[in-house]
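Taking it in order: structure first as structure tokens, then the write-up.
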């Protein structure tokens, strides 16, 4: 006897359409305007289609925001063993340049931060699902380098990572040239990472 199917497989095109629509409404109207009813209406799908895929609005919106990123996954960058390739910080710099210039992600990030007071659950979900795992990858890689003597023993790695990310966030949200001048943004990030590397170097390797 043939076993009964549990249902039709998920349509990836529907997933993409729903996330695209959710992001559009989130950028246009904020969290309140990006509810399941409005998303379903604009996307032309049934609400049950959304409920079957995402358990909450926060889960859908965080996935939609992440979908807008042009950044190469950090897991791929930090796990690379190809010594002939660019260093991880260089690869991140070039990836960040694309992300900082992406108007979709810039607008979504601005809404995400702006809604952190009125809708803290959204930022908390995004932080838990995407920011923290990504941050931990970088911290782990730098801690490994520190144990190998490639970084100064007294380096506060978490503080240095925050400095670099904070500079990138400033460039993305405050400086309009990030969207119009990719070359300038790349030079800026290059300088940020170069100065961060100086802070991380053991004293014996610091050039005078």
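The values are calculated or read from the model by the stated rules, or taken from the named source; none is laboratory data. Since this is a predicted model, take the numbers as computed values, not measurements. Using ideal geometry, Cβ is built from the backbone for each residue, glycine included, and neighbour counts are taken over all protein chains shown.
Do you know which residues across segment 178-192 are under 20 Å from residue 104 (Cβ atoms) and either at pLDDT 80 or above or surrounded by 14 or more Cβ atoms within 10 Å (Cβ to Cβ) (or both)? Give the steps one after another, and end with the answer.
Start the filter on segment 178-192 by keeping residues that are under 20 Å from residue 104 (Cβ atoms), which leaves 178-182, 185-186, 189.
Residues satisfying the conditions are 178, 179, 181, 182, 185, 186, 189.
Does at least one position in segment 133-151 carry a residue that is within 21 Å of residue 101 (Cα to Cα) and free of Cβ contacts under 8 Å to residues at least 24 places away in the same chain?
no
Looking only at residues that are within 19 Å of residue 110 (Cβ to Cβ) and in contact (Cβ under 8 Å) with a residue 24 or more places away in the chain in segment 10-25, which one is surrounded by the most Cβ atoms within 10 Å (Cβ to Cβ)?
Ranking the qualifying residues of segment 10-25, first place goes to 22.
Report yes if some residue within segment 64-71 is within 25 Å of residue 168 (Cα to Cα) and at pLDDT below 70; otherwise report no.
yes
Okay, residues lined up against (1) under 13 Å from the mean Cα position of the chain (by Cα); (2) closer than 30 Å to residue 58 by Cα; (3) modelled with pLDDT of 85 or more:
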site	(1), (2), (3)
98	yes, yes, no
164	no, yes, no
176	no, yes, no
194	no, no, no
198	no, no, no
206	no, no, no
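Does segment 26-53 hold any residues that are on the phi > 0 side of the Ramachandran plot and loosely packed, with under 14 Cβ neighbours inside 10 Å, and which are they?
Taking segment 26-53 and keeping what is on the phi > 0 side of the Ramachandran plot, we get 30, 44.
Matches in segment 26-53: 44 only.
Of all the residues that make up segment 113-139, how many are closer than 22 Å to residue 55 by Cβ and outside any helix (DSSP H, G or I)?
4
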